[in-house]
1. Keeping all protein chains in place and using 1.4 angstrom, which order do 68, 40 fall into by accessible surface area, from largest down?
2. From the residues 33, 49, 69, which one has its Cα farthest along the dipole of segment 6-86 in the positive direction, the dipole being from +1 and -1 charges on Cβ of Lys/Arg and Asp/Glu about the Cα centre?
3. Which net charge results for the neighbourhood of residue 32, defined as the other residues with beta-carbon distances under 12 angstrom from its beta-carbon, given Lys and Arg at +1 and Asp and Glu at -1?
4. Provide the per-residue ³J(HN,Hα) series for segment 13-19, in order, calculated from phi with Karplus coefficients 6.51, -1.76, 1.60 and θ = phi - 60°, each as a whole number of Hz, with x at glycine and proline positions.
5. How much accessible surface does residue 73 have with a 1.4 Å probe, in Å² rounded to 10?
6. Per q in 0.22 Å⁻¹, report the Debye log10 I(q)/I(0) for segment 6-86, using one uniform scatterer on each alpha carbon and no solvent.
Amino acid sequence: MSLMTLPDVVRCYRTSRALQRYLDGEADERTAGRIDEHLEACRRCGLNAATYRAIKQVLHAGGSDVDELALRRLRSFNRSLAEIVVRPDPA
Ligand SMILES: [Zn+2]
């Protein structure tokens, strides 16, 4: 995290916010392209997307057995990004 520059973090934050719409196929073409690119380059967001996909699969299958650990990890990931963007480290 300390190696990330602020623009990277902003990109991660935007991606995480748009990710759900993107995975639902509701993001516009430009946004989807940007997210595609970012998920290729960013391991953290790639994992985030994989977690969303796994949750969607479980929900789609009609199961209620969503991995609680995955959900918690996802929430803390989004929260940590939000905190960084709101209170950036003075460089
Ligand atoms: Zn990212």
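1. So the residues, ranked largest to smallest area, are 40, 68.
2. Sorting the options by dipole projection puts first 69.
3. Around residue 32, the surrounding residues sum to -3.
4. Here the 3J(HN,Hα) series is 5, 4, 4, 5, 6, 8, 4 Hz.
5. Only protein atoms counted, so the area is about 140 Å².
6. For the requested q values the scattering log ratios are -1.06.
The values are calculated or read from the model by the stated rules, or taken from the named source; none is laboratory data. The structure presented is a predicted model; accordingly, all values stated were derived computationally and were not measured. Because the Cβ atoms are built from the backbone with ideal geometry, glycine has one as well, and the counts that use them run over all protein chains shown. Accessible surface is based on the protein model in full, side chains and every heavy atom, while ligands, DNA and RNA are left aside. Shrake-Rupley method; radii C 1.70, N 1.55, O 1.52, S 1.80 Å.
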